[in-house]
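The values are calculated or read from the model by the stated rules, or taken from the named source; none is laboratory data. Every value quoted in this text rests on a predicted model; they were computed, and no experiment measured them. So basically every Cβ, Gly included, is an ideal-geometry build from the backbone, and we count neighbours across all protein chains shown.
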Amino acid sequence: MAKNALGREIPDFIEGYGKTKPFQGAFALKPEGYRAGGKIRCVNSTCTDKRVSDIKAAIAASGLKSGMTVSFHHHLRNGDYVVNMVIDACAEMGIKNLTLFPTALFGVHKKLIEHIKNGVITRIMGSVNGPIGQLVSEGGMDVPVVLRSHGGRPRAVASGDVHIDVAFIAAPTADKYGNICGTQGQSACGSLGYAFTDAQYADCVVAVTDNLQPYPVAPVSISQVYADIVVEVPSIGDPAGIVSGTTKVTRDPLRLLIAKYASELIEASPYFKDGISFQTGAGGIPLAVTAFMKEAMIKKGIKGSFGLGGITGYFVELLKEGLVERLMDVQSFDLEAVRSIGENPKHIEISADWYANPWNSGAAVNMLDVVILGATEVDVNFNANVNTEADGALLHGTGGHQDTAAGAKLTIIAQPLLRGRIPCVTDNVYSVTTPGEVVDAIVTEYGITINPKRKDLLDACSAVKGLPLVSMDELVSRAHKMSGPTDPVATEDRIIGVVEWRDGTVIDVVRQLKTK
Amino acid sequence: MNTAQAGTLESMDCLVTVSEAASGTGVKIQITGSSAARFKSAMEKKVSEVIASMGVKDIEISIQDNGALDIVLGARVEAAVKRLMGGER
């Protein structure tokens, strides 16, 4: 047992995970060696059609066997049919012991619980939410879940930490030779960013489509050089679920106040000038920050360079109005974003690798000025937890939290001080996702709390009259006073979740909950 | 058996149900809901204090919590007990 750079106890070896590398600091670990790669293929003109009859035929043709690793991407979000369809078929075909390697799972995938219980899926590397997260937290899987960020995942694949045997790509439009397009078809989802690495590194790539078009389709996201098998199914997803999950700008006065403070912090920062780039995601508070920033940009005549990450209609509006020059889109959250990425050449699709991988020749997050994030809790050292809930259950994926925090010049976590009775600012987070060294400010309804290591920001904010600055000590004591003393989370020793930092070192582990 | 309620299941509130208990059975407190995992001790303490201050010795209290702060919890318990003891229903 060793302590990592944040003082977290990390065993040298974790059953079902292997030898660990403890977290050493946000930018400490440097890679060595060469990239991994998938199997070399050779397809001649004797094959001009990669289609097979149905999903089972595709699974059989892919060579998928018990014990292998299958990957999926989550652009169809809560509307996705593909994960359940493939795993159901695997179960019927007697395939077992699969490692599931999704970019994220949603509520619609709770059906997988039966396949976890019957041994079809024995390992998950990726986020676990809702009922699957609860099951895992209570010890429902023998092997710990491995959580990686959006950048950590492609890093793990390219560096050989994870080898994908078969990648299933939900393809809103495809042709018979495997060119894939995300912006057209009844299940259009826009960007296919998360699927690129899987397509490039898997031994076999299966395109699952419900909109087969004549060869060649255009535009192409993922090209025929990666796809081995094409299968047509009646439907890959429910359009209502594909664009769900996007929240509207909050109307809650408390959250609007937080958003206003965050926007004022950005305006006070040295980054609020022509060329500013930012990422705000799709949460209620961040969207409101975008709205406030837009007003401020217009008022002060400032034009931004690009918006990054998961793209919403609000960002599309900024692009149309010339307030940003480009959108770099790894995931299109709503219909407006899907339409825009299909029509507007200034709205570009980027892969997760391009977006956030720490081990390539430079990810987009490095070019980011400002990011607004959330967290379930933040502690006095500015460490942030997005993975576990107050009761210790592992219920959320890491997303781009680590990557954008590490890349952006100004990382803001905007959050109410309490959720119900549960404080969002604590002495010590239950589990760490993102280290305080890359978090610059916390914004709550009580004001702006700046990481003391950012003296420059503190000075910039102090120079602006009326900005409500609150010290971390004051913030945490206020939270204590309102919420009262907490009981510790009762856990077993067994580790059920391994939280990797984006470089593959272990930043924290999550233990099994004691059942009452 | 006589019971009374106070509170709601709105966010940051709680629903308190109190029932008469036979003499000598003492104070029984049951807590479920969103804060129960981390605040059970603090909540039990608050409820016990309120009950004691009202001079009640035997009672069953069930709390469905949705994130109530102590000040809210105490007020809801007090209201429920007063309703049980006669006053308004």
Among (1) part of a loop (DSSP other than H, G, I, E, B); (2) in contact with a strand residue (DSSP E or B) (Cβ under 8 Å, 6 or more places away or on another chain); (3) under 30 Å from residue A:491 (Cβ atoms), where does residue B:32 come up short?
(1)
Failed condition for residue A:164, given (1) under 30 Å from residue A:42 (Cβ atoms); (2) part of a helix (DSSP H, G or I); (3) touching a residue at least 60 places away in the same chain (Cβ under 8 Å)
(2)
How many residues are within 14 Å of another protein chain (Cβ to nearest Cβ), loosely packed, with under 14 Cβ neighbours inside 10 Å and among the β-branched types (Val, Ile, Thr) if we restrict to region B:9-59?
1
Hey, can you tell me all the residues within region A:348-384 that are polar (S, T, N, Q) and under 17 Å from residue A:157 (Cα atoms)?
A:351, A:357, A:360, A:361
Going through region A:117-128 one residue at a time, which ones are surrounded by 20 or more Cβ atoms within 10 Å (Cβ to Cβ) and either among the small types (Gly, Ala, Ser) or not in a strand (DSSP E or B) (or both)?
A:120, A:126, A:127, A:128
Out of the residues in region A:388-414 that are under 25 Å from residue B:37 (Cα atoms) and within 13 Å of the chain's Cα centre (by Cα), state the one that is nearest to the other protein chains (Cβ to nearest Cβ).
A:396
Out of the residues in region B:65-87 that are within 14 Å of chain A (Cβ to nearest Cβ) and either basic (Lys, Arg) or without any contact (Cβ under 8 Å) to a residue 12 or more places away in the chain (or both), state the one that is surrounded by the most Cβ atoms within 10 Å (Cβ to Cβ).
B:76
Please work out if residue A:476 is part of a strand (DSSP E or B), more than 12 Å from chain B (Cβ to nearest Cβ) and modelled with pLDDT of 95 or more.
no
Picked from region A:91-109 (must be surrounded by fewer than 23 Cβ atoms within 10 Å (Cβ to Cβ) and at pLDDT 95 or above), the residue farthest from residue A:231 (Cα to Cα) is A:97
Looking at region A:3-14, can you tell me whether even one residue there is surrounded by fewer than 13 Cβ atoms within 10 Å (Cβ to Cβ) and at positive phi?
yes
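Yes/no matrix, rows are residues, columns are (1) free of Cβ contacts under 8 Å to residues at least 24 places away in the same chain; (2) more than 26 Å from the chain's Cα centre (by Cα); (3) more than 25 Å from residue A:24 (Cβ to Cβ):
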| site | (1), (2), (3) |
| --- | --- |
| A:441 | no, no, no |
| A:452 | yes, yes, no |
| A:460 | no, yes, yes |
| A:466 | yes, yes, yes |
| A:478 | no, yes, yes |
| A:484 | no, yes, yes |
| A:488 | yes, yes, yes |
| A:501 | no, no, no |
| A:505 | no, no, no |
